[in-house]
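Worksheet: the structure to be examined is printed underneath.
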Amino acid sequence: MDEGAMPVTLGQDAVLPAELSEALERGPFHRALTLAVQASGLSLQRLQQRLADNGVSVSITTLSYWKHGRSQPERAGSLQGVRVLEKLLRLPPESLTGLLGQPRPRGRWINAEPPPTRVGEFFDNSEAAERLMAELGVPDVQQVKLLTSHDRVRVNADRTLSGHSSRLVVQATVDRVSRNYFLHSGDPQGRLVSMVDTRHCRIGRVRTNAAAGYVAIEIVFDRVLGRGDTTIYEYFLETGTRDDYFDRIFRHDTMQYLLEVEFSPEAVPARCLSFRRPKPSDERTDLREVWISPELVAHVAFTDLSAGIYGMCWEWT
């Protein structure tokens, strides 16, 4: 935000978050819409229903495309839908429609993904993170798109994390893709994680920086993917770190992230909260209470994620 710029105010009591206010000033449209939906707490299904209640028919797929920048509202009916969205999301009139320029050219550009943010932007020691990924030869162009991710975390009686299992579904964006890459930020005291089990993939090259607590791992798929092909792969990381949170970094827009945290009966927290952070230096936002089940499992499901850091934290008495 420019120096001296003020957050947009709605009435006397409601003030938009600064990040959303800036997006409404500068755009692009899809970023402003994504932040507005996140601030509202409404799912796309609920938003579609409210649009329908106001006489506007827009599919969930279309709403998702608008959020991810794959298309933008252009026809008269769609533009009317955006005006209704402004009311439903409690935004100033014309704040979203004002971000829509001339109709974009149609064709193959629609499938183009926005350029990824640099991996170092999501780590405190950006130079160390990018050096490790460079050592593995990570391509600058995105070759795999993460569709869904599912993490399961176990908290031991001594409040340490025994590790976490991950299940990911990815889709190749180019031909002849055979691998993906993983960068983990471990214990700041230098204790590094270890990948001890995999399914539908194998561990390739590994690079570490003990001083920064980073481990970069090459994951080799069990087959070579053509453009548009999907694959599932799983891994288990053994950590043993003592943490009161778990999060995952998403460099690209992603459809869904499911996080489960199972607590030992001797380490049940007083409460759990889900959160989002745009970058490591940012404060946690979108804090929401997460229920702990009788089986001592807390879970949160994020949908239609924009780039950022998503996770869960917990507090003991």
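Please treat every number below as a calculation from the coordinates, not as lab data. Being a predicted model, the structure only gives us computed values, none of them experimental. Because the Cβ atoms are built from the backbone with ideal geometry, glycine has one as well, and the counts that use them run over all protein chains shown.
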Under a Gaussian network model of the chain whose springs join Cα atoms within less than 10 Å, the largest fluctuation of Val174, Val196, Val119 belongs to Val196
With Cα coordinates, the longest principal axis of the chain makes an angle with the long axis of helix 44-53, in degrees rounded to 10, of 20 degrees
Of the chain, which part is the longest with no GluC sites (Glu not before Pro) in a loop (DSSP not H, G, I, E, B) and with at most 13 other C-beta atoms within 10 angstrom?
95-282
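For the range 180-317, what Kirkwood radius comes out of the mean inverse Cα-Cα distance, in Å?
Hydrodynamic radius (Kirkwood, Cα only) of the range 180-317 equals 16.8 Å.
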Taking trypsin sites (Lys or Arg not before Pro) as exposed when DSSP calls them loop (any state but H, G, I, E, B) and at most 16 other Cβ atoms lie within 10 Å, what is the longest stretch of the chain free of them, the sites themselves excluded?
1-74
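How long are the semi-axes of the equivalent ellipsoid of the chain, taking √(5λ) for every eigenvalue λ of the Cα gyration tensor, in whole Å from largest down?
On the way: eigenvalues 241, 125, 71 Å².
Working from the Cα gyration tensor, I get semi-axes of 35, 25, 19 Å.
Pulled fully out, how much extra length does the chain show between Asp286 and Glu266, if you take 0.36 nm times their separation in residues and subtract their Cα-Cα distance? Intermediate values should be presented prior to the final figure.
Values: separation 20, 0.36 × 20 = 7.20 nm, distance 2.86 nm.
Taking Asp286 through Glu266 to full extension adds about 4.3 nm, to one decimal.
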Extension gain Arg83-Ser165, at 0.36 nm per residue separation less the Cα-Cα distance, in nm?
25.2 nm
Using a basic spin-label model with each label point 7 Å from the Cα along Cα→Cβ, how many nm lie between Ser40 and Ala211?
4.9 nm
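Cα gyration tensor of the range 207-276, axes a ≥ b ≥ c as square roots of the eigenvalues: rounded (a/c below 1.5), prolate (a/b > b/c) or oblate? It would help to have the intermediate numbers written out before the result.
Numbers: a/c = 2.13, a/b = 1.53, b/c = 1.39.
Prolate is the answer for the range 207-276, as a/c is 1.5 or above and a/b outweighs b/c.
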Rounded to the nearest 500, the 222 nm mean residue ellipticity computed for the chain from DSSP H runs (n ≥ 4, each -39500 (n - 2.57)) alone is -6000 deg cm²/dmol
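What's the longest uninterrupted piece of the chain once you rule out the chymotrypsin sites (Phe, Trp or Tyr not before Pro) that are loop residues per DSSP with at most 15 other Cβ within 10 Å?
1-290
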